[in-house]
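The values are calculated or read from the model by the stated rules, or taken from the named source; none is laboratory data. Keep in mind the model is a prediction, meaning the values are calculated, not measured. FYI the Cβ positions are ideal-geometry reconstructions off the backbone, even for glycines, and counts take in every protein chain you see.
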Amino acid sequence: MSNYIRTLIVTILLISINIVAEGQCKIEYFWDTDPGVGQGVVIGETSKSSDEFNISIDASGLTEGIHTLGLRAINDGAFSSTYYRQFYIPTLKQNANTIEYFWDTDPGVGKGMIIGKTSKSSDDFSISLDASGLTEGIHTLGLRAINDGAFSSTYYRQFAILASKRNIKAIEYFFDKDPGVGKGTKMPASSNVDTLFMAVDIPVSKLSDGIHTIGLRTLTENTWSETKVRQFLINHTPDNEITAIEYYINDDPGVGKAHEIDIIPGKEITVETEIDLSAIPEGDVTLGLRARSGKDIWSSTHIESDIKWEGWDALQEYILSLEDTYDTFVGNTYTRQFKNLEWQSLYVPFEWDYSEWHNKFDVARINAFYQYDDDEDGIVDRQILEAISVKSGRLKANYPYLIRAKSCDTYNMPISNVITSEKENSYSCSTMEARYTFTGNYTNKRGLHSAGCYIMRGGQLVLASNDDDVLPPYRWYLTIENLGDQVIHDASSSIKIRVVGENEADVIENIISSDSVIEGIYNLNGQRLSDSLQPMNKGLFIVNGQKVLIK
């Protein structure tokens, strides 16, 4: 994937953070999973009380797909709300080869002014653009990269064109109500230049709690600039809690009159809610969101206007794309994100030594299948896949295994052992009644429901719920062929996983207490023997789904 495209998508973010009080302020961020307040990656510290910072964050190490950036400010123990932004890193087969730009009005993708073509894979370019034909005033530059029909997000930047060089002589500001040009609170400029960068302290201690507006303008020669206006929040009470959150779609009904979301009040909350989209026509959608503090003070409204509602079919496709992680294997590095600590399927085109993975993962090899007819009516009520924990050696390439992460994270794993070509092999094992076939896949698989295929989900094997289920690559799926007369009950549409050796309770005596309810005792071939431990011969048996050694 082009590194240029990846960086262009991320570095256009303009992050605005409301500082809750004056003092030393620390800014931190995280990708995808919130480690907790104060535990993120620190960008830096500042004593500035301005309410906006421009921050570029390099996301070149992220995998292709959907990611979330979290950002907040911490000031002497008090912290701002966490700002979240989702974005998509696409997969491109080649480097960006065309760069185009436009002034003010977007003519459409592919219709801008072409800067040139390049095959470079670097993510930074120095570009000089001729703005001599632009008139005096505020203008917008749009810039994007195009690669064989695929295009990046459009980067926007506003700037001012001045008729001639003008020295900045003074700066003035005001809070909430504009007293008139030249009548604000004055701050002298540090020097007579046409471009001025200043770090200034503006006192806000006399302002009341709540939303305020600051206006700022500069004096050049005898002409005042346009007034730059920005809203910010003053919160002198550190124990203020969020007591309400509301949203609206497209039309703002007014503060306190939008759709309220049920929450538990707190200083920081995470919201999950269902939004009714049934009455919304396809097209551009605006989402407004705001919160209320315990003092009945409403925040400014956060507006997302770059949302396009493409109908229910597109939404279903998007939801399905989030169900699992699409792994990557680029060069000699295998990348996989683990969202849970359940057993998952693994099928990769390389040999993997125990020393390379045992500190981060548990791996098990498939051993056997067992079928149980609990009520002896000739119908299979339960199926169990038995696997054996791998404690040494090397995993084979193009072979089905189970894998479980020891912590939820995204792992980039350099592979130093033998790498082979990607072959979607099939492997089978049988009982007296059925043949179980494991087939590896290196492409996205659909249509598994109609084929009666089982996929790993929630730590067990389940039938694909519908043909829109997507099985990502570097996994395997299971098919079952009936060899006998025994019928598999609907309750057996999920197959539980039992891993031998993952804990000490696999083959020990007395794991069943005297008052336990015995659901049936089976031999290792799945044949039902008894409903009671007494009397029993010595040996190894399956009791309540666990192995029991009777001495």
State whether one or more residues within the range 204-213 are surrounded by 18 or more Cβ atoms within 10 Å (Cβ to Cβ) and at pLDDT 80 or above. no
So LEU196, is it modelled with pLDDT of 75 or more and touching a strand residue (DSSP E or B) at 6+ places or on another chain (Cβ under 9 Å): no
Regarding the range 59-74, can at least one residue be identified that is modelled with pLDDT under 75 and farther than 30 Å from ASP327 by Cα? no
For the range 34-61, pairs from a residue that is of a type in the set (Lys, Arg) to a residue that is modelled with pLDDT of 65 or more and outside any loop (DSSP other than H, G, I, E, B), with Cβ under 8 Å and 6 or more apart or across chains, are LYS48/CYS25
The residue that is surrounded by the fewest Cβ atoms within 10 Å (Cβ to Cβ), considering only those in the range 286-298 that are at pLDDT below 80 and of a type in the set (Gly, Ala, Ser), is GLY294
Among residues belonging to the range 434-448 that are basic (Lys, Arg) and under 26 Å from the mean Cα position of the chain (by Cα), point out the one that is farthest from LEU471 (Cα to Cα). ARG446
Pull up the range 371-419, narrow it to residues that are touching a helix residue (DSSP H, G or I) at 6+ places or on another chain (Cβ under 7 Å) and within 21 Å of VAL543 (Cβ to Cβ), then point me to the one that is modelled with the highest pLDDT. GLN383
For residues in the range 471-493 being of a type outside the set (Phe, Trp, Tyr), under 25 Å from ALA364 (Cβ atoms) and modelled with pLDDT of 80 or more, which is surrounded by the fewest Cβ atoms within 10 Å (Cβ to Cβ)? GLU481
Is it fair to say ASN412 is surrounded by fewer than 15 Cβ atoms within 10 Å (Cβ to Cβ), outside any loop (DSSP other than H, G, I, E, B) and under 32 Å from the mean Cα position of the chain (by Cα)? yes
Do we find that TYR399 is in a strand (DSSP E or B), in contact (Cβ under 8 Å) with a residue 24 or more places away in the chain and surrounded by 14 or more Cβ atoms within 10 Å (Cβ to Cβ) in this structure? no
Given the condition touching a helix residue (DSSP H, G or I) at 6+ places or on another chain (Cβ under 9 Å), surrounded by 18 or more Cβ atoms within 10 Å (Cβ to Cβ), modelled with pLDDT of 75 or more and assigned to a loop (DSSP other than H, G, I, E, B), answer yes or no: does some residue in the range 360-367 qualify? no
Taking the stated definitions as given, is ASN147 farther than 23 Å from ILE114 by Cβ, modelled with pLDDT under 80 and not hydroxyl-bearing (Ser, Thr, Tyr)? no
Considering only the range 443-488, give the strands (runs of 3 or more DSSP E) lying wholly within it that have at least 2 residues that are under 18 Å from TYR399 (Cα atoms). 454-457, 475-482
Out of the range 432-461, which residues are β-branched (Val, Ile, Thr) and in contact (Cβ under 8 Å) with a residue 40 or more places away in the chain? THR437, THR439, ILE455
